[in-house]
Number of protein chains: 2
Amino acid sequence: MVVENVAVNPDLVRERQKCTFNTLELTHLLDGGEAKTLERKEREDYFLSDPAFKDEVPMEYLSHKEQYEHSVRKACHMFKKLQEMPHGSMDNFRDPPVDSMGKRVKQLLGGMLGSAIIKDGNPLALHYVMFLPTLAGQGTVEQQAFWISRAWNLEIIGTYAQTELGHGTFIRGLETTATYDPATQEFVLNSPTLTSYKWWPGGLGHTANYAVVVAQLYTQGKCHGIHPFIVQLRDEETHMPLPGIIIGEIGAKLGMNTTNNGYLGFKQVRIPLENMLMKNNKVLEDGTYVKSPSDKLTYGTMMFVRVVICQDMSSYLSKAVTIATRYSAVRHQSEMKPGAPEPQVLDYRTQQYKLLPSIASVFAMKFSAQWIWEMYNVVNSELDQGDLERLPELHAASCCLKALCTSDAASAVETVRLACGGHGYMKSSNLPSTYGLVTAACTYEGENTVLLLQTARYLMKTWQQARSGQTLTPSVAYLNLYSDWRQPRAIWENSMDCVVKAFYQVAAGKVKSAAEHMERRAKGGMSSEDAWNESSIELVAASTAHCRAFMVEKFVETVSKSSVSRPLQTVLTQLAELYALYWLLINKGDFLMFSNLSPADVDGLQLWLEQLLAKLRPNAVGIVDSFDIHDEILGSPLGAWDGRVYERMFEESQKSPLNSEPVNKSFHEYLKPFLRSNL
Amino acid sequence: MVVENVAVNPDLVRERQKCTFNTLELTHLLDGGEAKTLERKEREDYFLSDPAFKDEVPMEYLSHKEQYEHSVRKACHMFKKLQEMPHGSMDNFRDPPVDSMGKRVKQLLGGMLGSAIIKDGNPLALHYVMFLPTLAGQGTVEQQAFWISRAWNLEIIGTYAQTELGHGTFIRGLETTATYDPATQEFVLNSPTLTSYKWWPGGLGHTANYAVVVAQLYTQGKCHGIHPFIVQLRDEETHMPLPGIIIGEIGAKLGMNTTNNGYLGFKQVRIPLENMLMKNNKVLEDGTYVKSPSDKLTYGTMMFVRVVICQDMSSYLSKAVTIATRYSAVRHQSEMKPGAPEPQVLDYRTQQYKLLPSIASVFAMKFSAQWIWEMYNVVNSELDQGDLERLPELHAASCCLKALCTSDAASAVETVRLACGGHGYMKSSNLPSTYGLVTAACTYEGENTVLLLQTARYLMKTWQQARSGQTLTPSVAYLNLYSDWRQPRAIWENSMDCVVKAFYQVAAGKVKSAAEHMERRAKGGMSSEDAWNESSIELVAASTAHCRAFMVEKFVETVSKSSVSRPLQTVLTQLAELYALYWLLINKGDFLMFSNLSPADVDGLQLWLEQLLAKLRPNAVGIVDSFDIHDEILGSPLGAWDGRVYERMFEESQKSPLNSEPVNKSFHEYLKPFLRSNL
C-alpha cells in the first residue's frame, strides 16, 4: 500500500506502526503472488483514474430512471475501455475462443472493481456472465459460430431468461411454452399465465435485445421438459419491442437497482427452428425429438458460478471489515476509566468481537473456495476419463458452501455495519449497498435452504453407506470415523487438532441424529417424503455442521501449510483459531452433545477466544490494510486509507442536491401555508 | 376483518376456513378491547381513504429531493387532518395540557399508520416527539407558557439537536459550547471543531426553524456539563438560515430517507439568557450557576420512549410476518412427492421454522413491553412518595428489553424477507423498507451493546447483593434462587414450568460466570475497568440471558392469565411454548451447562418444537389475519388480504417510470453508439 501524500489520521498512523507483520507479504499471498498484485493495481488504476466514471452527484440522490441511464453510460464505457485495455490482444476479443477477454470480464465484473464503478449493478453484466457462456455451452458448433460472433462483436446484447414470476428454484415448474410447428419450421413461444412471465433476468427490462429463453418444449403433441431458445426481443435498429413481446423492468429493489431486472411475456411469438440451442437435445425439421445421450456438460458452469459467489462474498466482506475496522480505530467513545480520554472503540472487547471474527471469515471463505475449486479441477479430469464417482460429493460441498458463505457474509456485513453506529446507516458509508449485494446472493443461484437440503440428501445417502461399512470419499470420510461418537469420550484439550476433530464429531453427530429422526418417522408409518419434510430443520442443521467443519479444517490446513514468514504465520494462525473458537462457542450445545467437550471446558475456550481477540487487536488495521482495497473501491468516508473520517463525511453530505440551496421549495409550497393556517 | 368484495385467492380462502379460533377475538385482545379496535379502524379509514396521501409514482422511483418534498407535503396534510379529526376537541390541541392531542400524535406517529402514509420517515415527527416533550419536561412554567404555545400553535417548528458528528451514545463527550456573557445576558453558542457539529437530528436539515440544542454550559469560567437551549435556526418568514448557523441535511441513508436528518454548526451564535431551559438547573443574570436539587425528572421520557420502541418493533414485525405468511400460503414450489402438484411453501417445515417463531416474537415483544410499562407506572407512583428503590431495576430491564426487541425484530424481519425468496427483495414487498426502519432502532436511543452493558452493570451489583444474602427486587429474585445451580440437578421434564425455570437458571449461571471472570481478572492484578472490558462479551451474554428469561416468563404468564376462549387459549399457549423452545434450542449449550437439561433431553425438545410448528401451521394465516393490518399499511403485493400476489406485483411494476416508454433514451445516447462502434 502506497502512503498517499496527505495527512493521515494519527490514530491510524499509530496502528500501522504497531503492526507486527509485513502487510505487503499478506497482500501478495491473498492476490496469489506479487505479479498478480501489480497486475491488479494496474487494472484498478486504469479504470479508476478515468473521470468518466466519477459521479458529480452520487447515484443515491438520483431518481431510479436517472440511475439506470447513468449505469448504461458507465457500462458501455467500461466495456469499451476493457477492449482498449493495454496488455491484452483485441483479437482475442473479436475471435472466440475468448479466454483472455473472458478472464478480463471476470476480473472486472466478479471482483470489486465492477462494483466500484457501478455500485448498484451492471445492466450489461448478464450479456457476459450468462448469455455468452450459455451460447458456448448449449449451442452447436454452427450456432456458436453465428451467435457467439454476433454477441462478442456486440452486434446484439443478450440476457438469460429462466426464472418466472411464479417459479424460481424449481425449474421443472416453469410454464413458458415453446411449441414446434413443422408447417413453418418454427417454435411458437407463449406465456399461458401471468405466473409464467419471465421475471428477474438482469438487463432484460430495457437493455438487451436478445435473450436465451428457457421454456417447456412441445413437439408432436408431447412435452419434453425445459430447453433453451434464442429469442429476439427488440428491433436491432429502433430497440422497439417486437410484436408479441411484452417487456419492461420489474421495479425497485433492496439493492442492485441498476441491473435493470426485467419481465417478459410472449403472445405467440414465432422463432425459427434453428434458434433452439441444440448442443444436447435436438428437434428435427419434422418435429422429431432427439435426446442427447449425456447431460453432464452444464455441470462446470454451475460449479464455477458457485465458486465465484464464494469469492465475491469474501471480497465484499473484506470491503466491509476494512471500512468498519479503520473507522473503529479513528472513532473515540465513552470513558473506559474515569477521567481518561475517550478510547478508540477498537479497544472495546465487544467491538473486537464484532470485527475480528468477521475479518477471519474473509479468509475462511477464500480458502474454502480455493479448496473446492481445486477439487473441481481434480473431479473434472476424472470426469474426462469417465469417472463420475466424486461428482455428488463435489455437488454437495458446493451447495452448502454457497449457502454458508452468503449467509455468513450477510450477517457479518450487518454486524460490522451496526458496529459503526449511526454512521454505518449512512449510504455514503457504502455498507448498506454492500449488504444489498451480499444478501441478494442468499437467494439467487439456488436459495440457501434449498441448497442445504440438497447437501443433506447427499449426507443421508452417505450416512447409510457409512453404516453399511463402505469406505467414503475424502470430504465425508469422517462419517466412518465418528459414527461411534457415543463411545466413552476422550479428554478435551485446547489444541487445534482437538478442535477440528470436534467439528467433525459434531457434523457426524448431527448427520446421525437427523438420519435417526427420519427413520423413526418412517417406521411410525410416515411416507419417506413426509419424514424428510418433518425432519428438514435437522437436515439443514446437519448440512450446516458439515460445511462448517470443512471450512474450519481448510482454514487451519491452509494456514499451517503456507510458507509465509513467521510473523505472518502467527497472525494467520490466530485468525484460524479465532474462526474455529467463534463458531464452536456459538454452537457449544452441539459440541457438548457430540464431541469430547464437557461443560467444565467451556470457560477455558471462552478465555482462549478473548486472548485471541487481545492478540489480534494490534494487527487489526494491518490485516485490513493488507486487503489493499483502493479508496475508490471502498467508496466510504469511514474507511478511507487516510482516516479523515469526519472531513470526508462532511464533504460527502455536501453532495446532496438538497444542500445546494439554503431553502427548499417545499417551505414556500407546503410548510409556510401550513404554519400560517394555524395563526 | 371485513372480507372485501373481490376474488380472494383460493389458497387463502382454504386457510381461513381451517382456522380453529375466532380471529376477531384475538384482534380485540391485541387492540385492548373491541372499542379500541373500532377506534383504530375508524382512524385508519379517516386517514387512508384520503387521496392526498396516495402516490401516483411510488416514492422509491423519485429522486432524494423529490421524496423529501413529497414528504413535507404529506406531513403537513397529515397533521392538519389530525387537528380536524372528528371525535376530538380542537381546544385540547391549542391549549396545553395536550394529552388528547398527544395521544393522537402518538397513535399516528408511533403506530403503523404513520409509516403507511410516509413510508420512509416523517420530517415533522421530531417536532411532536422530541421538541414539544422537551419543552414540557425541561422548561420552567414561564418557558412552557411561551414556547409550548408557539410550538403547539405551529408558529414554529422545532427539533432536538443532541448527537454530534463525533459523539453519540456518550453524551458527556459532546463538544458544542454555550458560554454565558453577563455583559449582554446572552449565551454564545459555538462549534469548536468539525466533530462538534450536530449530526442526525430529524427535520433539522431543511424543515425545522428552531431546535433544542444540547451544549456544554460555561459560565464564570467554569464548565457545568450539558444543558438544553432553545435556538432559532432560520428566519420565520424566509426560512433562511440565521447568521452563524451552518445547516443542511446529512445525506442519503439505508432507510428513513425523508426524515431530513440534518447537521448544524454554530459560529458564535448569540441567544438570550431566557432561552436556556431552566426547569432544573439555572443560570442567574450575573452568571451564577444554580444546580437543581433533583435530576430525576427526565427519567419518565426515556422509559416511555423505550417502551414505545418495543411496541413499534412488535408492530413492524407483525407487518413483516403478515406479508410473508400470506405469501407463503399463496406461493407454490417444488415437488414434495413425485408427481404431486407443487405444495404451498407454508407446508415446508423449514418455512414454518422461519415464520412461526417470528410470529411468536410479535407477541413476546408486545407482552414484555406491556409488563415493563405497568412496572414503570408502579415505580413512578413509588417515586412520588420518594421511594427510589426500584428505579435501577426498571432502568436495567428497559435497557436490555430495548436491545433485544430491536435486534430480534431486525433479524426476524430479514428471516421472513428471505423466506419470500427473490420477491422479498423487491421494494414493493415493503419488507426492505420495514427492515430499514427496524434496524435503525438497534442504534438510536442507546446503541444495543452499550445498553446491554448498562443492564450488566446492574446485574453485577445485584449479584453481589445476592451473594451477601440480601433479598432482591422481583425481576432479579431468581439470582437468590439459582445462585446454587451447581448442586445436584433435578430431572428435566417437558413442562413450561421446567422450561421457564431453566431460562432463569441459565440467566443466573451466566451472571455468576461473568462475575467470576471479572473477579478472577481483578485478582490477577487488573484494574476493575480493564476487568470489566475484558469480560464484556460475557457481560453482554448475561444481560441477554436475563432479558430472554423475563420475555419468556412474561409471555407464558400473560397467556396463562388471560381470560380468552379455549380455542384461542390453545393457540396462544402454543405460541408461547414455541417462543420458549425456539430460544432454548438456539442456546442449548447454556441450558446444558446451567439448567437441569441433559443431552438426552434435547431430542425430545426438538420433537416438541416440530410438533408445535405442525399444530400452528393450520392457524398461521388466521393469526396474522388477527393482526388486522390494513392493506394500505401492509403496502405489499405479497401480503394483501386477497392474496392476488402476482397480479398485484405486475401492477406494481407498471408504476416504474422506466416502463412508461418502450425505449429508454439511454439506448440512443449510449447503447446504440456502443454497439455501432463494434461493427
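The values are calculated or read from the model by the stated rules, or taken from the named source; none is laboratory data. Given the structure is predicted, the values throughout are model-derived calculations rather than measurements. Quick reminder, even Gly has a Cβ in these numbers, built from the backbone with ideal geometry, and neighbours come from all protein chains shown. Note: accessible area is taken over every heavy atom of the protein model, side chains too, but ligands, DNA and RNA are not part of it. Shrake-Rupley method; radii C 1.70, N 1.55, O 1.52, S 1.80 Å.
Can you tell me which of B:A340, B:A320, B:A360, B:A364 is part of a helix (DSSP H, G or I) and within 14 Å of another protein chain (Cβ to nearest Cβ)? Steps first, please.
Details: B:A340 fails: part of a helix (DSSP H, G or I); B:A360 fails: within 14 Å of another protein chain (Cβ to nearest Cβ); B:A364 fails: within 14 Å of another protein chain (Cβ to nearest Cβ).
None of the others qualify; the one that does is B:A320.
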**Request:** For the stretch A:108-132, name all the residues that are part of a loop (DSSP other than H, G, I, E, B) and either closer than 27 Å to A:W147 by Cβ or not hydrophobic (A, V, I, L, M, F, W, C) (or both).
**Result:** A:G110, A:G111, A:I118, A:K119, A:D120, A:G121, A:N122, A:P123, A:L124
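Could you tell me which residue of the stretch B:133-160 is farthest from B:P201 (Cα to Cα), considering only residues that are part of a helix (DSSP H, G or I) and of a type in the set (V, I, T)? First the steps, then the outcome.
Kept after step one, since they are part of a helix (DSSP H, G or I), are these residues of the stretch B:133-160: B:133-138, B:141-152.
Cutting the leftovers down to of a type in the set (V, I, T) gives us B:134, B:141, B:148.
Details: B:T134: 14, B:V141: 26, B:I148: 20 Å.
Looking at the filtered set, the residue picked out is B:V141.
Would it be correct to say that A:E285 is outside the structural domain of A:L388 (by the TED database) and open to solvent by 60 Å² or more (accessible area, probe 1.4 Å)?
Working: outside the structural domain of A:L388 (by the TED database): yes; open to solvent by 60 Å² or more (accessible area, probe 1.4 Å): yes.
It is true that A:E285 is outside the structural domain of A:L388 (by the TED database) and open to solvent by 60 Å² or more (accessible area, probe 1.4 Å).
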**Request:** Within the stretch B:102-123, identify whether any single residue is surrounded by fewer than 19 Cβ atoms within 10 Å (Cβ to Cβ), farther than 24 Å from B:M240 by Cα and basic (K, R), and answer yes or no.
**Result:** yes
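Scan the stretch A:411-432 and give yes if some residue there is within 18 Å of A:S315 (Cα to Cα) and surrounded by fewer than 24 Cβ atoms within 10 Å (Cβ to Cβ), otherwise no. I'd like the intermediate steps shown before the answer.
Start the filter on the stretch A:411-432 by keeping residues that are within 18 Å of A:S315 (Cα to Cα), which leaves A:411-417, A:429-432.
This time we only want the ones that are surrounded by fewer than 24 Cβ atoms within 10 Å (Cβ to Cβ), so: A:411, A:415.
There is at least one residue in the stretch A:411-432 that is within 18 Å of A:S315 (Cα to Cα) and surrounded by fewer than 24 Cβ atoms within 10 Å (Cβ to Cβ).
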**Request:** Go through the stretch A:70-96 and count every residue that is open to solvent by 20 Å² or more (accessible area, probe 1.4 Å) and either at pLDDT 80 or above or touching a Phe, Trp or Tyr at 6+ places or on another chain (Cβ under 9 Å) (or both).
**Result:** 11
**Asked** Exactly one of (1) surrounded by fewer than 23 Cβ atoms within 10 Å (Cβ to Cβ); (2) more than 26 Å from A:W608 (Cβ to Cβ) is unmet by A:W371. Its number?
**Response** (2)
**Prompt:** Considering only residues of the stretch A:162-203 that are over 30 Å from the mean Cα position of the chain (by Cα) and β-branched (V, I, T), which is farthest from B:E335 (Cα to Cα)?
**Reply:** A:T184
**Complete:** Per the filter on the stretch A:34-62, residues assigned to a loop (DSSP other than H, G, I, E, B), open to solvent by 20 Å² or more (accessible area, probe 1.4 Å) and facing another protein chain (nearest Cβ under 9 Å) are A:L62
**Asked** Hey, among the residues in the stretch A:161-185 that are among the small types (G, A, S) and out of contact with any strand residue (DSSP E or B) (no Cβ under 8 Å at 6 or more places or on another chain), which one's least open to solvent (accessible area, probe 1.4 Å)?
**Response** A:G168
**Request:** State which residue is modelled with the highest pLDDT when the search covers only the stretch A:467-497 and only residues that are within 34 Å of the chain's Cα centre (by Cα), farther than 13 Å from A:N596 by Cβ and not in a loop (DSSP other than H, G, I, E, B).
**Result:** A:M496
**Residue under evaluation A:T258, criteria (1) surrounded by fewer than 23 Cβ atoms within 10 Å (Cβ to Cβ); (2) among the β-branched types (V, I, T); (3) in contact with a Phe, Trp or Tyr (Cβ under 8 Å, 6 or more places away or on another chain), criterion not met** = (1)
**Asked** Can you tell me which of A:I271, A:I226, A:I246, A:I230 is touching a Gly at 6+ places or on another chain (Cβ under 6 Å) and either modelled with pLDDT of 95 or more or buried (at least 24 other Cβ atoms within 10 Å of the Cβ) (or both)?
**Response** A:I246
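For residues that are in a helix (DSSP H, G or I) and touching a helix residue (DSSP H, G or I) at 6+ places or on another chain (Cβ under 9 Å), tally how many sit in the stretch A:661-672.
Final tally of qualifying residues: 6.
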**Prompt:** Residue check, B:L394 against (1) touching a helix residue (DSSP H, G or I) at 6+ places or on another chain (Cβ under 6 Å); (2) surrounded by 24 or more Cβ atoms within 10 Å (Cβ to Cβ); (3) of a type in the set (A, V, I, L, M), all met but one. Which one?
**Reply:** (2)
**Complete:** Residue count, the stretch A:407-424, condition acidic (D, E) and within 11 Å of another protein chain (Cβ to nearest Cβ), comes to 1
**Prompt:** Does any residue of the stretch B:559-582 turn out to be closer than 24 Å to A:P599 by Cα, open to solvent by 10 Å² or more (accessible area, probe 1.4 Å) and part of a helix (DSSP H, G or I)?
**Reply:** yes
**Prompt:** Just for the stretch B:217-255: of the residues that are in contact with a His (Cβ under 9 Å, 6 or more places away or on another chain) and touching a residue at least 40 places away in the same chain (Cβ under 8 Å), which one is farthest from B:K198 (Cα to Cα)?
**Reply:** B:Y218
**Prompt:** If you check B:N664 against the conditions, is it at pLDDT below 95 and polar (S, T, N, Q)?
**Reply:** no
**Prompt:** Within the stretch A:627-660, how many residues are more than 7 Å from chain B (Cβ to nearest Cβ), among the small types (G, A, S) and in a loop (DSSP other than H, G, I, E, B)?
**Reply:** 5
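In the stretch B:2-12, is there at least one residue being at pLDDT 95 or above and assigned to a loop (DSSP other than H, G, I, E, B)?
Narrowing the stretch B:2-12 to residues at pLDDT 95 or above: B:8-12.
Within this subset, residues satisfying the condition of being assigned to a loop (DSSP other than H, G, I, E, B) are B:8-9.
Yes, the stretch B:2-12 has at least one match.
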**Message:** I need a count of the residues in the stretch B:211-253 that are within 12 Å of chain A (Cβ to nearest Cβ), in a strand (DSSP E or B) and more than 25 Å from the chain's Cα centre (by Cα).
**Reply:** 6
**Positions within the stretch B:124-144 being open to solvent by less than 30 Å² (accessible area, probe 1.4 Å) and among the aliphatic types (A, V, I, L, M), in sequence order** = B:L124, B:A125, B:L132, B:L135
